[in-house]
Amino acid sequence: LTFHFNHFKFPNMSVKYYISIFFLQAMHISLTAQKDTSFQTIRQESGEYQAPVIETPSDRLFKTRIPSKWMFKMNLAQTFNFRRNDLQTANTLSGTPLGIGAEYKISPAFSVGAYYQMLLGYQPASEFLSKGGWLYSASVAVEGRWYHDMKKRIKEGRSANNFGGRYLGLEGTWSNNNQLTDNWDDKRVALRYGLQQRFLRNGYFDISIGAGVSQGSPILKRSTYFSTDQRVSVGLAAFLPKFRNTAQNGNLCDVLNCQDEQYNMWKVNVFDVVAFRSNGIVYNLELRPNVAYEQKLGRSPFSVELAVDAVFNTGKYRYYYLLDQKEYSNRITSATWDATGELRWYYNMRKRMLNGKSGNNLSGTFFGLQLNRHNLIKSAVNYETDNAGSLDGSLVAGDYWTTNLVWGIQQRILERGFIQFKIGGGSTFGGNNYRYEGAGKPLTKIGRQNELNVVGELKVGFAF
């Protein structure tokens, strides 16, 4: 077979041109094929294995894995914990009933806060006070806190950046004390060490001890003095930014033991069991141990509780006697015990059980009918000034009975915890008061009139 290029009539240069184009195209295809079919090694570097974070019931109770930048808090510990004290003067160094504040995190380990606290009450006229009136004291404080183990807990995955944990604080306080007979300012700088924890969605508690230097009290007749105190705060709190964690905002039954069957419970209150405060000369120490036992009546929503508590109070006080405008001081010691029986009705227990929200236990809201016996063990005054008779004739609450109708809520927490709050009112009857007759003289027993009273009680502690 013979081809004759003359039939195509291609010029000689054209044939060479097209042959060159053919070889260039072939080379391009070859190079492209070589590139596309080359083997590429792909290497993936595996990171360090991290164990999954396991959320515990205590994480859901204290919201330890929810971050927050702002914390707004209201201390209600003393506001709703009414107490009857044998000696009115023993309330001189009691805690401030109402406090509000805000705390801001400037870094995981450090925060700054500002607080306002107020005490308001009315003092009626008496033989010692010719004219009654309102008493109030207010204080403003700023504080810097160092949560010393926060970074470590965040690194170990045990906490988010929030306001829960142990801290060391530096606090500056200015207080204005407005009394009917005097008005003065106190300034204080103190170191505090404490523990703060969030509680469920909108609760918190803060327990701390402090020691510092105060200045300004006219009663002590010196400008600067050393002071110590213990502080317990329990109340409501709000946190920003709002963070929704489905796991932590879900079912809390493993925290609150919703479905447990429980028919009896021992309770040991540890909230405010010990309270102390001192400024070198004036001091107050109070011990309030409390134990209770509650027993369900069969499988019904009714139960009975027996609670026994004791109060020991000792302190040294200085104040002014209005009749002669002189200062005097004394030491006061008192001891009492109370026994309280209470019949409770957990009024929505059956409904909660039918809806699958609760087992037959001792958690929930209730109405209670109380019968209380108050007994005075000891009440003594040791005078330390010349005008020692200033307390002669004053009365001391002695032995009496009280009946109260209360509303309350009780909740079992985790395996060994409980919280309880009650508020109500009733009447005292029977028994006797006692009257001071002078230094070294026995108290005189006198009759006691029936009185209306309002009661409130907050307990936090261990349950068995």
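Numerical summary
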read-out: Amide H within-cut-off set for Y283, under 5 Å, with H built and near neighbours excluded; value: K316
read-out: Under the Karplus curve 6.51 cos²θ - 1.76 cosθ + 1.60, θ = phi - 60°, whole-Hz ³J(HN,Hα) for the stretch 335-340, x wherever Gly or Pro sits; value: 9, 9, 9, 10, 10, 10
read-out: Computed FRET value (nearest 0.05) for W337 with K155, which takes r as the C-beta separation and R₀ as 51 Å; value: 0.55
read-out: Long-range HN-HN contacts of G235 with modeled amide H, under 5 Å; value: L76, Y204
read-out: Members of K73/K151; K316/K459; K267/K378; K267/K357; K73/K296 lying beyond 32 Å, as alpha-carbon distances in this model show; value: K73/K296
read-out: FRET efficiency for N202 and A114, using Cβ-Cβ distance with R0 set to 22 Å, rounded to 0.05; value: 0.60
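Bear in mind that the values in this text are calculations on the coordinates, not laboratory data. Just so you know, these numbers come straight off a predicted model, no measurement behind them. Neighbour counts are summed over all protein chains in view; Cβ atoms, including those assigned to glycine, are modelled from backbone coordinates with ideal geometry.
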